[in-house]
Amino acid sequence: MKRSTRQLVLLGACALALIAAATWQWRRDAAAAPGTLLSLEPSSITRIELVIGHGSPAHYAKREGHWWRVDGTPARTDDGRLGELADTASAAVLSWRPASDFDPAKIGLTTPVSVLTLDGQRLEFGETSVTGPQRYVRAGDRVALISLRYTPRAPASESRTLDAGMNR
């Protein structure tokens with residue numbers, strides 16, 4: 001075998017070894033990743049219930065591709081806002097810990113800031129973390145840290161009403 005052929009074979013073997021090592025590391029990292037808040041696909045969610053603070057629950061249902069508020073007389077609602085609420089299911093979790101590791105009062109889960117129920121799966125939003133723009137969220141018997149951007153908000157019409165009432 002010529003010297004140049006041996007070098008090409010050695011170079012190919014090194015490249016294959018490098019690809020194998022990278023693939024192994026990628027799979028290992030993927031297996032260790034915390035994942036998402038819920039295993040639901042946001043586009044498949046058809047029922048949402050939202051309670052903000054001590055307010056009354058708002059119930060929503062998806063019908064023929066659009067969101068409707070179904071409390072009392074059904075009325076079309078903001079598809080974008082409800083889409084954001086549904087997207088909370090796929091929020092990237094920064095870390096998971098057992099709920100038993102926390103005192104619920106210290107992280108705002110005794111009286112949650114808001115409670116979001118997506119197709120029957122309840123998420124309780126607590127206080128923000130002191131370590132960054134993150135919020136504690138209880139999902140079942142675990143507590144997750146997620147980005148603040150997934151915190152449920154009141155509809156714009158309710159926000160204006162709440163703001164006006166606070167300025168009196």
**OP:** Find the relative contact order for the range 80-152 and round it to a whole percent, using C-alpha pairs within less than 8 Å whose residues are 6+ positions apart.
**Re:** 33
**OP:** Would you kindly derive the ³J(HN,Hα) couplings of the range 69-76 from the backbone phi angles with the Karplus curve 6.51 cos²θ - 1.76 cosθ + 1.60 (θ = phi - 60°), listing them in order in whole Hz, with x for Gly and Pro?
**Re:** 7, 10, 7, x, 7, x, 9, 4
Original post:
Convex hull volume of the Cα atoms in the chain, per residue, in Å³?
Top reply: 193
Subject >> Percent RCO, i.e. relative contact order, over the range 34-168, from Cα pairs under 8 Å lying at least 6 residues apart >> reply: 24
Subject >> Vicinal HN-Hα couplings computed from phi for the range 116-121 (Karplus, 6.51 cos²θ - 1.76 cosθ + 1.60; Hz; Gly/Pro x) >> reply: 10, 10, 10, 6, x, 9
Original post:
Ordered by residue, what ³J(HN,Hα) values in Hz, to whole numbers, does the range 52-64 give under the Karplus form 6.51 cos²θ - 1.76 cosθ + 1.60, where θ = phi - 60° and Gly and Pro are x?
Top reply: 10, x, 9, x, 7, x, 10, 10, 10, 9, 9, 10, 6
Original post:
In debye, nearest 20: dipole of the chain around its Cα centre with unit charges on the Cβ of K, R (+) and D, E (-)?
Top reply: 840
Subject >> Carbon plus sulfur fraction of accessible area for the chain, probe 1.4 Å, in percent >> reply: 57
**OP:** Give me the accessible area per residue for the range 33-168, probe 1.4 Å, as a whole number in Å².
**Re:** 57
**OP:** Would you mind telling me which residue in ALA61, ALA154, ALA139 has the biggest mean-square fluctuation in a Gaussian network model of the chain, where springs connect alpha carbons within a distance under 10 angstrom?
**Re:** ALA154
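Using alpha carbon coordinates only, what is the Rg to Rh ratio of the range 13-97, with Rh defined as the Kirkwood radius?
Expressed as Rg/Rh, it is 1.26.
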**OP:** Taking amide H positions as placed in the peptide plane 1.01 Å from N, state which residues far from LEU109 in sequence (5 or more) or on other chains have amide H under 5 Å from it.
**Re:** GLU127
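The values are calculated or read from the model by the stated rules, or taken from the named source; none is laboratory data. Please read all numbers here as calculations on a predicted model, not as lab measurements. A quick note on method: Cβ atoms are made from the backbone with ideal geometry, for glycine too, and the neighbour counts reach across all protein chains shown. With ligands, DNA and RNA removed, areas are computed over all heavy atoms of the protein, side chains included. Shrake-Rupley method; radii C 1.70, N 1.55, O 1.52, S 1.80 Å.
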